[in-house]
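These notes are about the structure you will find just below.
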Amino acid sequence: MSTNSFTLTDEMREQSIGVESEPVSMVIEQGHVARFAEAIGDENPAYTVGTPETGGIVAPPTFLRAMRGIRPELPFEAPFTRLLDGGSDWEYFEHVRPGDTITAVGRVEDIRERTGSIGQMLIATIKITYRNQRDAVVATQTSTSIRY
Amino acid sequence: MSEQIFFEDVREGMELPVEVRNPTPRQLVQYAGASGDFYEIHYDRNFAQSTGLKDIIIHGALKNAMLGAYVTGWAGPAGELRRLTVQYRGMDYPDEPITAKGHVSRVYQEGQSNLVDCTVWLENPEGQQTTPGTATVALPSRN
């Protein structure tokens with residue numbers, strides 16, 4: 001799409017790495033958890049009625065995707081209009097439960113430039129850290145976003 | 001739900017049972033509502049085609065969730081998911097079967113945990129791995 005010649009300089013890269021998003025918070029609602037489990041087709045009772053092993057109702061592993069708008073702002077303008085999600089790497093430390101307040105912050109871990117079949121791309125690695133109301137990290141999600 | 005699998009029952013190379021799912025446009029709308037991802041390429045065919053896609057496509061995050069459900073279902077009620085990685089390599093479309101497959105790649109102990117690494121993926125009807133991933137689960141011991 002972009003025919004211009006965008007260059008990611010070392011300086012732009014250095015300025016970007018470490019940039020954090022504003023914190024985003026969400027109260028976890030039981031009905032939302034059940035609706036999410038239904039939408040992903042997962043009938044595990046841990047998400048609807050709870051199990052002895054989980055000690056009550058917990059959220060499915062990717063439920064935290066429902067927290068939107070966790071975007072660190074890049075400190076430069078890039079002439080790309082399209083965005084692709086390249087994938088995610090989730091690490092889990094504690095269950096997320098109805099009644100929890102989860103706060104998420106995204107941080108730019110890396111940014112690089114590449115030219116591939118879809119043309120020039122700006123590839124950012126963003127790590128989102130999700131904490132609960134006790135300030136315990138419940139999960140981290142490291143995602144690759146591709147702008148082109 | 002499923003029976004419990006124990007750490008002692010798992011061997012490297014062991015295959016996870018194959019599961020076939022059939023996501024529908026209705027499910028994509030449900031997922032849009034539940035996740036808040038209302039990007040039109042997932043439910044508006046005209047819009048999707050205007051961006052060059054042949055049809056509406058399944059949310060990458062829904063495929064991520066399907067792999068999560070696949071692994072946690074296999075790990076059983078007392079299994080704990082520690083890590084899940086997923087890569088989106090290709091588009092998948094509703095109203096086509098999508099098949100989850102996987103195998104055990106490593107069996108090991110770390111600290112107090114009995115850990116199992118799995119290689120997992122979703123396959124389209126042509127047999128292409130559109131969504132490869134890995135998972136680490138902690139399993140209970142029989143002892």
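Readers should treat all values here as calculations from the given coordinates under stated rules, not as data from a laboratory. This one's a predicted model, so the numbers in the text were calculated from it and none came from an experiment. Here the Cβ positions follow ideal geometry from the backbone for every residue, glycine too, while neighbour counts run over all protein chains shown.
Points worth noting:
- Among the residues of A:64-75, the average count of other protein chain beta-carbon atoms within 10 Å of the residue beta-carbon is 2.
- The convex hull around the C-alpha trace of chain A, projected and averaged over every direction, spans 9.9 square nanometres.
- Gaussian network model of chain A, Cα within-10 Å springs - most flexible of A:49, A:19, A:138: A:49
- Label-zone membership for the range A:64-88, site residue A:137, 7 angstrom Cα→C-beta point, backbone N under 11 Å: none
- Pair residue A:114, residue B:108: separation of 7 Å Cα→Cβ label points (nm): 2.6 nm
- Cβ-based exposure ranking for A:10, B:95, in which fewest neighbours within 10 Å come first: A:10, B:95
- Proximity of backbone amide H atoms, modeled 1.01 Å from N, is registered between residue B:105 and B:13, B:117, B:118, B:119 at under 5 Å, excluding neighbours fewer than 5 places apart on the same chain.
- Degrees between helix B:60-75 axis and first principal axis of chain B (Cα, 0 to 90, nearest 10): 30 degrees
- The fewest-to-most ranking of A:144, A:115 by surrounding Cβ atoms within 10 Å reads A:115, A:144.
- If you plug the beta carbon distance of residue A:77 and residue A:27 into 1/(1 + (r/R0)^6) with R0 = 51 Å, you get a FRET efficiency near 0.90.
- Residues B:39, A:47, arranged from fewest to most other Cβ atoms within 10 angstrom of their Cβ, appear as B:39, A:47.
- All other residues whose Cβ lies under 14 angstrom from that of residue A:21 are scored, Lys and Arg at +1 and Asp and Glu at -1, for a net of +1.
- Surface/4 estimate of mean projected area, convex hull on alpha-carbon atoms of the range B:24-127, nm²: 7.8 nm²
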